[in-house]
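Data block below; observations after.
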Amino acid sequence: MFDNISLALWIAAPLVGLFGMFSGGYWGIGCGWLIVPVMLMLGLSPMEAAGISLLQMVPSTLPTVIRTSGELSWAENGLGRVILLPMSAGALAASFSGVAINQWMYEKTGSSGLMLLFSAVMTFIGLQTAFGKGTSGRTTRSRFPRKQALPALIAGLATGVFSSVLGIGGAVLIRPILASGFKVSEHETSVSIRIMLLVTTFFGGASYLFKNDVPQWRILILTVLISIGGCISFPLGVRLHDRVVLNGYARHIHKSFAVIAVIILTGTILKLCGHRELNAPVMILCSLLLLAYLLCFGYYTSRHPKQPE
């Protein structure tokens, strides 16, 4: 069971979870942009890397989701029932068709076509978050019209298809949709994304644990190892997020999410230019710089608080 796991994997897996999931907690996203290239660099197959990236989100986020899900309104016209549930249902249903669409597009355009589409989407997200107005901190809308459930369902369907076709986490798309499309506050956007991540990654990743009815022990063990680091750093990232919101910098959180889009876009450009071997080292460097930036910015907001937005 343990023979095909090298010493490098035993050491690297918890560290990847530790460094990557801190930013995941801060923005309410996964860290497949770091996990997948590092696992590939260390000899895993793309299927194994993708499965681990999805599955590690479950133990890493579950305690935080249990603790914070009650902060959303689940009343008849509340955010949870009108927006979050339809969007989650749409994303989950559409994710199953993404593989077939991905295969069809791959046959028509090749991998370069998919990566160009991916680059276009990430460029749009980066520009939208960087130059958009952003959202307020903890100010909540008490009621959402029931008619918004249909747009939420459609948005979820689109998110599920795009995330499956392009191989990206749904949170990258969900964040701008909630914040800019439905005008959800920064705090509730992050709580909502974490709930959706837990649901979609659990169902999306479960299929990777078995292949021809044979348990994939390496995937399971490495998922647990990465989750050890993730269970530590993800709640710390969430705590930093909440502190920055309370210190009056909620809009900065939304705008700074463009950094993640730039990092992911950088990895894609490296692949398009034929420098796949540089992808993992560059992503590791980005994760370390990102961690340093978040810690420094959190310290800055504590020393220079503003009126909460």
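The values are calculated or read from the model by the stated rules, or taken from the named source; none is laboratory data. Predicted model, so just to flag it, every value in this text is computed and none were measured. Heads up, the Cβs are rebuilt from the backbone with ideal geometry, glycines too, and the neighbour counts pull from every protein chain shown.
Quick notes on this one:
- Counting the residues of the stretch 201-216 that are surrounded by fewer than 11 Cβ atoms within 10 Å (Cβ to Cβ) and of a type in the set (Val, Ile, Thr) gives 1.
- Just one of the listed residues (Val82, Val121) is at pLDDT 75 or above, surrounded by 16 or more Cβ atoms within 10 Å (Cβ to Cβ), in a helix (DSSP H, G or I) and under 18 Å from the mean Cα position of the chain (by Cα), and it is Val121.
- Residue check for Ser88: in a helix (DSSP H, G or I) and crowded, with 24+ Cβ neighbours inside 10 Å: yes
- A count restricted to the stretch 31-78 and to residues that are more than 30 Å from Lys147 (Cβ to Cβ) and assigned to a helix (DSSP H, G or I) stands at 30.
- In the stretch 281-306, the residues that are more than 18 Å from Ser256 (Cα to Cα) reach residues that are of a type in the set (S, T, N, Q) and part of a helix (DSSP H, G or I) with C-beta atoms within less than 9 angstrom, at least six apart or across chains, in these pairs: Val282/Thr266.
- Subset of the stretch 255-304 [exposed (fewer than 13 other Cβ atoms within 10 Å of the Cβ) and either in a loop (DSSP other than H, G, I, E, B) or acidic (Asp, Glu) (or both)]: Cys273, Gly274, His275, Glu277, His304
- Residue ranges of helices (runs of 4 or more DSSP H) in the stretch 148-236 with at least 3 members in contact with a helix residue (DSSP H, G or I) (Cβ under 9 Å, 6 or more places away or on another chain) and more than 23 Å from Ile253 (Cα to Cα): 149-166, 186-206
- Evaluated against (1) out of contact with any Ser or Thr (no Cβ under 8 Å at 6 or more places or on another chain); (2) more than 16 Å from Ala261 (Cα to Cα); (3) surrounded by 24 or more Cβ atoms within 10 Å (Cβ to Cβ), Ala50 falls short on exactly one condition, (3).
- Qualifying residue in the stretch 209-227 (condition: of a type outside the set (Gly, Ala, Ser) and in contact with a strand residue (DSSP E or B) (Cβ under 7 Å, 6 or more places away or on another chain)): yes
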